[in-house]
Amino acid sequence: EHAAVEDDLIDTEVAIRQSETELDDIESKIEEFETELEAEDMLRGQHDELVDEIEKLQSHVEDTERELVEEFDQTIDTVLELLGYANIERIWIERKRKDVKVGRRTEEQTVFELNIVREGGRGVYADDLQHLSESERSVTGLVVALTGYIVHDVADVCPVMLLDSVEMIDSTRIAQLVEYFVDETGYLVAALLPEDSAEVNDSVPDATLMEIDTNVE
């Protein structure tokens, strides 16, 4: 009976050790699961933060796009009236969502369509950018650039604006443009032909003229 009891005791001790080993394994797995759950909670929190940030950025982009359209429409109306382009009834930008091919994928993106309405001998009619004169296209491009400069607060980083290649615009209108643009930036630099710079000097008394000899080798 004593030997049998000892055998039972040994078997019980072995079973206890096995149970303790299994318990250690279970506790280790529980710790792993708890660590994974904590990581999952952390990732879920990061995911929620990223979703919120994406929504804020998307909202900011949409607000900026709307502001850009409004700023362009107002500025082009003012400039066209100021420069006296009587045969242009209106120019404005329309903001649309369209499917755009990006590599092999198709994504919905914002596109800006430039709309032009003329008034002529055949009444009021829609026109295309390529049908505008060089002067009209240059002025439209300058207004697009000015709109981006204003909407994106470029003046806070670079309070300098450069006007170049405007010789296709007549002198009087160049002077009016310079006078209009000078209010939108701290410093305005305009590269002009001599006959154009003389007109600007008369219209903008504070302008500083600097002659550059382009024939110097």
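The values are calculated or read from the model by the stated rules, or taken from the named source; none is laboratory data. What you see is a predicted model; the values in this text were computed from it and never measured. Cβ atoms come from the backbone with ideal geometry, glycine included; neighbour counts cover every protein chain shown. All accessible areas refer to the heavy atoms of the entire protein, side chains included, with ligands and DNA or RNA removed. Shrake-Rupley method; radii C 1.70, N 1.55, O 1.52, S 1.80 Å.
Rounded to the nearest Hz, the phi-derived 3J(HN,Hα) couplings of region 183-193 under the Karplus curve 6.51 cos²θ - 1.76 cosθ + 1.60 (θ = phi - 60°) are 7, 9, 8, x, 9, 10, 10, 10, 8, 10, 6, where x marks glycine and proline. The figure for Ile93 is an accessible area of roughly 20 square angstrom, using a 1.4 Å probe on the protein chains alone.
The distance from the alpha carbon centre of region 1-57 to that of region 128-200 is 71 Å, rounded to a whole number. I want to verify a result. In a Gaussian network model of the chain, Cα cutoff 10 Å, which of these has the top mean-square fluctuation: Asp153, Asp63, Asp48? Ranking Asp153, Asp63, Asp48 by mean-square fluctuation puts Asp48 first. Computed over the alpha-carbon atoms, region 1-90 gives an Rg to Rh ratio of 1.81, Rh here being the Kirkwood radius from the mean inverse distance.
Residues whose amide H lies under 5 Å from that of Leu163, counting only those 5 or more places away or on a different chain, are Val189, Ala190, Ala191; hydrogens are built 1.01 Å from N in the peptide plane. Working from Cα pairs under 8 Å separated by at least six residues, relative contact order for the chain is 12 percent.
Of the whole protein surface, Val61 contributes about 70 Å² of accessible area at a 1.4 Å probe radius. Converting phi to 3J(HN,Hα) with the Karplus coefficients 6.51, -1.76 and 1.60 and the offset θ = phi - 60°, region 79-93 yields 5, 4, 5, 5, 8, x, 7, 5, 7, 9, 6, 6, 10, 8, 9 Hz in sequence order, with x at every glycine or proline. Each principal axis of the Cα atoms in region 138-180 has its own extent, and those three values, largest first, are 31, 16, 16 angstrom.
With the highest mean first, a sort of the peptides 189-202, 135-148 on other beta-carbon atoms found within 10 angstrom per residue produces 135-148, 189-202. Kirkwood Rh over alpha-carbon pairs of region 62-183, then Stokes-Einstein at 37 °C and 0.692 mPa s: what D in µm² s⁻¹, rounded to an integer? Answer, rounded: 205 µm²/s.
Projected label points at Cys158 and Asp128, each 7 Å from Cα along the beta carbon direction, are separated by 3.2 nanometres.
The C-alpha atoms of the chain occupy a region whose extents along the principal axes are 126, 48, 33 Å, arranged from largest to smallest.
Averaged over its residues, region 1-85 has an accessible area of 81 Å² per residue, based on protein heavy atoms and a 1.4 Å probe. The helix-only estimate of mean residue ellipticity at 222 nm for the chain, built from DSSP H runs of length n ≥ 4 each weighted as -39500 (n - 2.57), is -20000 deg cm²/dmol after division by the residue total.
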